[in-house]
Amino acid sequence: MSQPSSPFTFNLSAWALNHQQLIAFLMLLVMAAGIISYQQLPRNEDPAFTIKTAVVSASWPGANVQDTVNLVTDTLEKKLQEIPYLDYVESDTHAGQAVIFVNLRDDTPPGQVAGIWYQVRNKMQDIVASLPSGVQGPSVDDEFDDTFGTLYGFTAEGFTPRELRDRVEAIRRDLMSLPDVGKIRLIGEQEEQLVITFSPRQMAGMGLDLQQISDALKAQNIVEPAGTLRTDHEKVALRVSGALTSAESLRDVTLHINDRYIPLSAIATIRRETAEPPAPVFRVNGQPAIGLAISMAATGNMTNFGQALNARMLTLSQQLPHGIEMAKVADQSAVVASAISGFIRVLAEAVVIVLAVSFVSLGLRAGLVVAAAIPLVLALTFTGMMFAGIGLQRISLGALIIALGLLVDDAMITVETMISRLEAGDSARDAATHAFKTTAFPMLTGTLVMIAGFIPVGFAASSAGEYCFTLFAVMLIALLCSWVVAILFSPLIGVWMLPVKLNALDHSSPPGRLRRGYQRLLLTVLHHRALTIGVAVGLLGLAAYGATLMQGEFFPASDRPELLVSLTLPANASQRETGRQTSRLEKALIHNPDIDHFSSYVGSGAIRFYLPMDVLLENENIAQLVIVAKDLPARNRLKKQLKNLLAQQFSDITTRVSPLELGPPVGWPVKYRITGPDYGRVQAIAQTLASTLGQSPYTREVNLTAGEPERTITLKINQTAARAAGVSSQSIAQMLNTIWSGTTVTTLRDHNRLIDVVLRADDTERQDLTTLSALLLTNDQGEKIPLSLVATPAWGVDDPVIWRRQRLPYISVQTDLAPGMRAETVSQQLRPAVNRLRAKLPPGYQIEEGGAVAESDKGNGSVYAMLPLTLVVMLVLLMIQLQRFSRMLLALLMAPFGLIGVVLAMLPTATPMGFVALLGVIALAGMIIRNAVILISEADRNLRHGMSCEAAIITAAQHRARPILLTACAAILGMLPIAEQVFWGPMAYAIIGGLGVATVVTLTVLPAAMSLVMHKVTCH
């Protein structure tokens, strides 16, 4: 019987057999290239993705909140709204300080982000002239996504903070020469200042003027050229002494004021202390510390960089004096090495499973042919990854494991075809060339269909899509390489390893009882084809309903041992109070057996030591602890302990305990944003919504991002009386600032540092409000004027912070989740109550949902947007292969039946349908369609050879049952090693369940459907 000709006019397998030594050399070359590429591939924990946020900040000292919003924040926001790809601008405005977050759309091409930030810088420079006088900035931070994966903490006993800082600076200087080092930042360093504290009452009693003291210090410490003496033979530089270099030199100053000589130390106390306002504080295991945060350059290999860094730090630590201790707080290289090692172990397990399937199902010799394809495909894949710039990280390694179960499909089909021809009496060479003729093009079509299933991953225009892009890239490389190996290398290996002659009895694939059982089942479904299809459709309907009962999820939490504990005090809280609350928590942690170590950040959030972090900005009222548990079970125990501890002992402040996130950062899982033109009305709506959320049993720690007032004292100045007395609002404000906050009068030159010299009232009087009522002002004539004569103090309250989004004020109401709940489920439960409140809102006000649900919608939406393209590509491929509308639709309509298995696998196990699982379901469609194409093509080939419809279908189903079952088993069992992993588990469950049921459907429902179609379309 003549065989159909292949669409390929050139038989690549025959060419390979004619050039066996060349092909053998190519195989060795591929293996060598794969080994070298594997060793040189970059290693990272997660794939890099672009944080499409920049921060613009400006300050206007002395301005109140409303003036800062109206004249600084709003002006900058209007200009920023002109940039391309803008999603929204969001601002955080305090009195005299504006911070604006510029957020680009998720579909912004990563390559254009740097150019957009350049435009932002230019626009901010252009707008400077439009800002009020006295505004400092604006400055642009477009390195918001800098990740400092390695962090060391230095504590000292018997050393001053300055001495410790100098030591850490020396270490930083040494590390900058390390290859592939990126940026190194000191954290927790406290600037110093020399404070001259005085008693306002004493100064008034002595008739002294603060301005005179300030002028005298500036005149003595100023840097002025004294000239150069030039003679006929040389130059002699002239210098004047008097520069202030230490606290002692400041104490030695004698003032000449009002014809009196007064030692400065007689009227003021001089001491060195931490500068105000305070910088964020860093602590390690409850001890004050300075941190050294280190990032790797983009060109580096994390494991190699980590080894070099650890060796250098070991040498430097041995040079530290006794009393200075170094502790490793975070080590990304160790995390990466552990993660890579774990994934390689899982990859090896998957290889063993696939090999076992091959040997058990095909026998020793045929199994060896399939086994030989695995290292060849992996070597080609590693080489392709090297050229594509894809390293080993969470997504690419997961893709390799997923691909492993699929990349042997083509080799199995080639071997199966060769065995069938050997059983028919063909020679090994003819069997190999026949395999190319009959399977090369269908295999290529099936491979491309499977790749098409991953198109939504590769082209999803979102941060989530960018994060998962290497899944598509690695699958593309691996599956194409598997086809090349199957048509070029596997036929030759088969000729070498398979026996020259093979009797059918010598290689009976499934036991005869199984074959007979499947034949009876096949005849039954063909006899009751309408019933079979009806039952399948009914089960699909039940699965569609079951899918609505599944919990959703964006990305799961990380499986790293860290826990983030955030403390948020009222907005007007001082950093000193935040530090006290942090110390209380630290004392409860010190002897916990589940904790390896912990670090604390007071006045800011933790530095970005992990790329997908929701970073908190500097604010005196916040603190964040990074607690590293000894292992994952210890982390889970610790999380429960901490939640109970915070609920019992820290109930008066907002707290949150959370593991690190995977994927784009979200922060609080459920958020609602209330916006509107009037800030007071927004506050009222936010309070109502918070009360509503607080009544739900599904929420915990409901809180608002703003709304708490702070106390203010406004001095109402009688301007007429002030002018008559020779004072002004400016002179009064300067006096008050000097007494309560301090005024920098000069700078002290201490080696390589400039230290501010600050004139300020002593703590006793500046913290006593009676000082205000007894204060005496000095006018231009030197007369003393009581403040009460020209001003009256008035108590009031003001908003310490105003948040805006797209130039409208807003407040976010955010909440954590009850134990065992997921964000999507809680959102669904809260939706009716939130919608009732929405219906009552006045025009111009709205409640928008943020958090995990909004991010999930953006990620899923970017995937859904690519489904039409995916469908078109699949249709084109199917039509090219099958060339009939009826066959194309048959293959396409098999894909939805995978949902039955997806629901059966995920619903009982409470596995959430997250972003990664959704990608798995879409990719599953390609796998199902591929198997359907193989069966339909075989049946059509049988029809062309003159068989009846029934015989063509039965023969095709029986002939293709084993390769379909084997490839499905290889894919399903290959997924088992990653089924329990946090990130890949949902996708593995979806593919295992979906492919398992879809394989049964392909071998039963598809023959029934083909029979129905062929009898109506072809056989009649």
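Numbers for the structure displayed
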{"read-out": "Residue within the range 685-692 that is touching a residue at least 24 places away in the same chain (Cβ under 8 Å), surrounded by fewer than 20 Cβ atoms within 10 Å (Cβ to Cβ) and not small (Gly, Ala, Ser) present", "value": "yes"}
{"read-out": "Entirely in the range 421-491, the helices (runs of 4 or more DSSP H) that have 1 or more residues that are under 14 Å from residue 407 (Cβ atoms)", "value": "428-452, 469-488"}
{"read-out": "Every residue from the range 279-294 that is surrounded by fewer than 21 Cβ atoms within 10 Å (Cβ to Cβ) and outside any loop (DSSP other than H, G, I, E, B)", "value": "287, 288"}
{"read-out": "Single unsatisfied condition, residue 878 versus (1) free of Cβ contacts under 8 Å to residues at least 60 places away in the same chain; (2) surrounded by 15 or more Cβ atoms within 10 Å (Cβ to Cβ); (3) within 30 Å of residue 469 (Cβ to Cβ)", "value": "(1)"}
{"read-out": "Unmet criterion (only one of (1) in a helix (DSSP H, G or I); (2) buried (at least 21 other Cβ atoms within 10 Å of the Cβ)) for residue 663", "value": "(1)"}
{"read-out": "Single residue of 185, 121 found to be among the charged types (D, E, K, R), free of Cβ contacts under 8 Å to residues at least 40 places away in the same chain and touching a strand residue (DSSP E or B) at 6+ places or on another chain (Cβ under 6 Å)", "value": "121"}
{"read-out": "Within the range 716-730, tally of residues that are polar (S, T, N, Q) and under 10 Å from residue 779 (Cα atoms)", "value": "1"}
{"read-out": "Count of residues meeting criterion [hydrophobic (A, V, I, L, M, F, W, C) and either at positive phi or part of a loop (DSSP other than H, G, I, E, B) (or both)] in the range 666-702", "value": "2"}
{"read-out": "Test set (1) out of contact with any Cys (no Cβ under 9 Å at 6 or more places or on another chain); (2) surrounded by fewer than 24 Cβ atoms within 10 Å (Cβ to Cβ); (3) in contact (Cβ under 8 Å) with a residue 24 or more places away in the chain; (4) not small (Gly, Ala, Ser) - residue 924 fails condition number", "value": "(2)"}
{"read-out": "Verdict on residue 377 being at pLDDT 85 or above, closer than 23 Å to residue 927 by Cα and crowded, with 24+ Cβ neighbours inside 10 Å", "value": "yes"}
{"read-out": "Condition check for residue 152: touching a residue at least 24 places away in the same chain (Cβ under 8 Å), more than 26 Å from residue 280 (Cα to Cα) and either in contact with a strand residue (DSSP E or B) (Cβ under 6 Å, 6 or more places away or on another chain) or basic (Lys, Arg) (or both)", "value": "no"}
{"read-out": "Residue pairs meeting the criteria (Cβ under 9 Å; at least 6 apart or on separate chains; first within 15 Å of residue 891 (Cα to Cα), in the range 935-958; second among the charged types (D, E, K, R) and surrounded by fewer than 17 Cβ atoms within 10 Å (Cβ to Cβ))", "value": "940/884"}
{"read-out": "Residue count for the range 606-660, restricted to those that are assigned to a strand (DSSP E or B) and of a type in the set (S, T, N, Q)", "value": "4"}
{"read-out": "Filtered residue count, the range 460-493, keeping only those that are out of contact with any Asp or Glu (no Cβ under 9 Å at 6 or more places or on another chain) and either of a type in the set (Ser, Thr, Tyr) or at pLDDT below 85 (or both)", "value": "2"}
{"read-out": "Qualifying position, being at pLDDT 80 or above and over 19 Å from residue 848 (Cα atoms), among 830, 775", "value": "775"}
{"read-out": "Test result for residue 792, at pLDDT 85 or above, in the same structural domain as residue 720 (by TED's automatic domain parsing) and polar (S, T, N, Q)", "value": "yes"}
{"read-out": "Verdict on residue 333 being crowded, with 21+ Cβ neighbours inside 10 Å and hydroxyl-bearing (Ser, Thr, Tyr)", "value": "yes"}
{"read-out": "Residues located in the range 964-1010, provided they are of a type in the set (Ser, Thr, Tyr) and either at pLDDT 85 or above or surrounded by fewer than 24 Cβ atoms within 10 Å (Cβ to Cβ) (or both)", "value": "989, 999, 1002, 1004"}
{"read-out": "Unmet criterion (only one of (1) without any contact (Cβ under 8 Å) to a residue 60 or more places away in the chain; (2) surrounded by fewer than 17 Cβ atoms within 10 Å (Cβ to Cβ)) for residue 736", "value": "(2)"}
{"read-out": "Of residues in the range 587-604 being surrounded by fewer than 22 Cβ atoms within 10 Å (Cβ to Cβ) and among the β-branched types (Val, Ile, Thr), the one nearest to the chain's Cα centre (by Cα)", "value": "595"}
{"read-out": "Residue within the range 238-256 that is touching a residue at least 40 places away in the same chain (Cβ under 8 Å) and farther than 30 Å from residue 168 by Cα present", "value": "yes"}
{"read-out": "Lone qualifier among 395, 401, 340, 344 - being within 28 Å of residue 934 (Cβ to Cβ), part of a helix (DSSP H, G or I) and not hydroxyl-bearing (Ser, Thr, Tyr)", "value": "401"}
{"read-out": "Matching option when the condition is closer than 21 Å to residue 151 by Cβ and not small (Gly, Ala, Ser), among 665, 669, 677", "value": "665"}
{"read-out": "Entirely in the range 762-869, the strands (runs of 3 or more DSSP E) that have 2 or more residues that are out of contact with any Cys (no Cβ under 7 Å at 6 or more places or on another chain), of a type outside the set (A, V, I, L, M, F, W, C) and exposed (fewer than 15 other Cβ atoms within 10 Å of the Cβ)", "value": "784-786, 791-798, 846-850"}
{"read-out": "Residues located in the range 421-443, provided they are surrounded by 21 or more Cβ atoms within 10 Å (Cβ to Cβ) and farther than 21 Å from residue 498 by Cα", "value": "442, 443"}
{"read-out": "Tally, over the range 885-918, of residues that are without any contact (Cβ under 8 Å) to a residue 24 or more places away in the chain and surrounded by fewer than 18 Cβ atoms within 10 Å (Cβ to Cβ)", "value": "3"}
{"read-out": "Residues of the range 114-149 satisfying the condition of being surrounded by fewer than 15 Cβ atoms within 10 Å (Cβ to Cβ), small (Gly, Ala, Ser) and in a strand (DSSP E or B)", "value": "139"}
{"read-out": "Where residue 312 falls short, out of the listed (1) in a strand (DSSP E or B); (2) under 42 Å from the mean Cα position of the chain (by Cα); (3) surrounded by fewer than 18 Cβ atoms within 10 Å (Cβ to Cβ)", "value": "(1)"}
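Okay, residues lined up against (1) over 23 Å from residue 1012 (Cα atoms); (2) over 32 Å from the mean Cα position of the chain (by Cα); (3) part of a helix (DSSP H, G or I):
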{"site": "875", "(1), (2), (3)": "no, yes, yes"}
{"site": "880", "(1), (2), (3)": "no, yes, yes"}
{"site": "888", "(1), (2), (3)": "no, yes, yes"}
{"site": "891", "(1), (2), (3)": "no, yes, yes"}
{"site": "897", "(1), (2), (3)": "no, yes, yes"}
{"site": "908", "(1), (2), (3)": "yes, no, no"}
{"site": "919", "(1), (2), (3)": "yes, no, yes"}
{"site": "924", "(1), (2), (3)": "yes, no, yes"}
{"site": "927", "(1), (2), (3)": "yes, no, yes"}
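The values are calculated or read from the model by the stated rules, or taken from the named source; none is laboratory data. This structure is a prediction, so every number in the text was calculated from the model and none was measured. Neighbour counts run over all protein chains shown; Cβ positions are idealised from the backbone, glycine included.
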